[in-house]
Amino acid sequence: MTMTLDPEIAAVLMAQAQTMADVTLPERGDAIGLRAMIDETLKMAFDALPDTPDVTMTPCTATATDGAAIPMRWYTHAGSRTGAAVVYIHGGGMICGSLDNYDRLVRHYVQLTGVPFLAVGYRLAPEFPGTTPAEDSFAGVRWLFDHAGELGVDHARIALMGDSGGGGVGAAAAILARDNGVRLARQILIYPMLDDRNTKPDPVLAPMAVWTYDNNYTGWKALLGDALGTPSVPPVAAPARLRDFAGLAPAYIEVGDLDIFRDESIVYAGKLLAAGISCELHVHPGAPHAHDWLNPNADISKRVVADRVRVIAAL
């Protein structure tokens, strides 16, 4: 049996294709043009999420290794002091996404779980390439560990979570955490962007790709420049390049079987398990990239969000 789109997701994609018929897409390699398009798409997707009357947000700032101020937002649920916390790294293919774009989504997770979230506004490529996004995100992790006592957070119950490009940046920040003696409780990687070598279209996945191979090239090229695809790429830029997985945080990884990040997610999970690191892996049939926000009311979307809530609540 060939792989096919989940029918509830397919209906949304078909409607979107009709509305996008006259839209001129950015050229391959045009990171700024792709940023504008994806940021607008993210805003539309998350604006549809329900209001979160029990969630409040406090702005805060971390300091990057180069002294730059990294904006962050601390979200809490009224009356809930679980002791756990999540550092959230937004998606955007290394080149887009923002704290503003993701505000409603982060609030949604806090409303559903009661667990506080720290959203990190890391700097983006191409303006800030290489390992900067991961280093900025790790600065957020370190800030939360440093302020855990005053925030009512247990150091042993802090997780790192990211989606798409933020899943890749989050995985890289988890590597930095290990290398700097910071023990995360878990890394929660939602269809993560891990491997810069994934730019050659798979004939099965390409026709159904929401995040396309051209988009993937554009994001990685913006981050890595001429180093793209070469042996010199460090794992703190592209985590799939990591060789030593020992000592990393236990992981939860999910991806759709029609997502171009499918194979790299499976390989990454396998390497974690081979190194003796616990990893819960889900590969969802009929699901393309970001399927859960293409149609939040689809049965498959409800199932994946319920799994995330389960993992977060278990912290």
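What follows is calculated from the coordinates using simple rules that are stated; it is not laboratory data. Just so you know, these numbers come straight off a predicted model, no measurement behind them. A quick note on method: Cβ atoms are made from the backbone with ideal geometry, for glycine too, and the neighbour counts reach across all protein chains shown.
Amide H contacts for HIS284 (H built 1.01 Å from N in the peptide plane; partners 5 or more residues away or on another chain; cut-off under 5 Å): VAL255, GLY256, ASP257. Between THR230 and THR19, the contour length at 0.36 nm per residue exceeds the alpha carbon distance by 72.1 nm. Oblate is the label for region 106-146, because the ratio a/c of its alpha-carbon gyration tensor axes (a ≥ b ≥ c) is 1.5 or higher and a/b is not greater than b/c.
DSSP loop (so not H, G, I, E, B), at most 11 other Cβ within 10 Å: list which GluC sites (Glu not before Pro) in region 73-181 pass both filters.
Details: sites: GLU127, GLU135, GLU150; in loops: GLU127.
Those satisfying the criteria are GLU127.
Here the label points at ILE32 and ARG81, each 7 Å from Cα along the C-beta direction, are separated by 4.9 nm in the simple model.
For the chain, what does the helix formula give at 222 nm: sum of -39500 (n - 2.57) over DSSP H segments with n ≥ 4, over the residue count, nearest 500 deg cm²/dmol? Let's see the in-between values first.
Working: 10 runs with 123 residues, N = 315.
Theoretical 222 nm ellipticity from helices: -12000 deg cm²/dmol.
Extension gain, HIS147 to VAL204, is 15.8 nm, computed as 0.36 nm per intervening residue step minus the present C-alpha separation. Between LYS43 and THR58, the contour length at 0.36 nm per residue exceeds the alpha carbon distance by 3.3 nm. From least to most packed, judged by other beta carbons within 10 angstrom and beginning with the fewest, ILE300, ILE32, ILE188, ILE253 follow the order ILE32, ILE300, ILE253, ILE188.
Which of [x] 52, 45, 36; [y] 55, 38, 37; [z] 70, 42, 41 is the computed Cα extents along the principal axes in Å for the structure on display? The calculated read-out lines up with [x]. Can you return the aspartates and glutamates within cross-link range of LYS43? Criterion is Cα-Cα under 13 Å, with same-chain partners fewer than 8 residues away left out. Reachable aspartates and glutamates: ASP100, ASP103. In region 184-251, which trypsin sites (Lys or Arg not before Pro) are in a loop and have at most 11 other Cβ atoms within 10 Å, using DSSP for the loop call? Within region 184-251, the qualifying trypsin sites (Lys or Arg not before Pro) (loop, at most 11 other Cβ atoms within 10 Å) are ARG243.
Among the trypsin sites (Lys or Arg not before Pro) within region 16-52, those in coil by DSSP and having at most 16 neighbouring Cβ atoms inside 10 Å are ARG28.
What the pair-distance distribution of region 82-204 shows, using all Cα-Cα distances binned every 5 Å from zero, is 2, 12, 22, 24, 19, 11, 6, 2, 1, 0, 0 percent.
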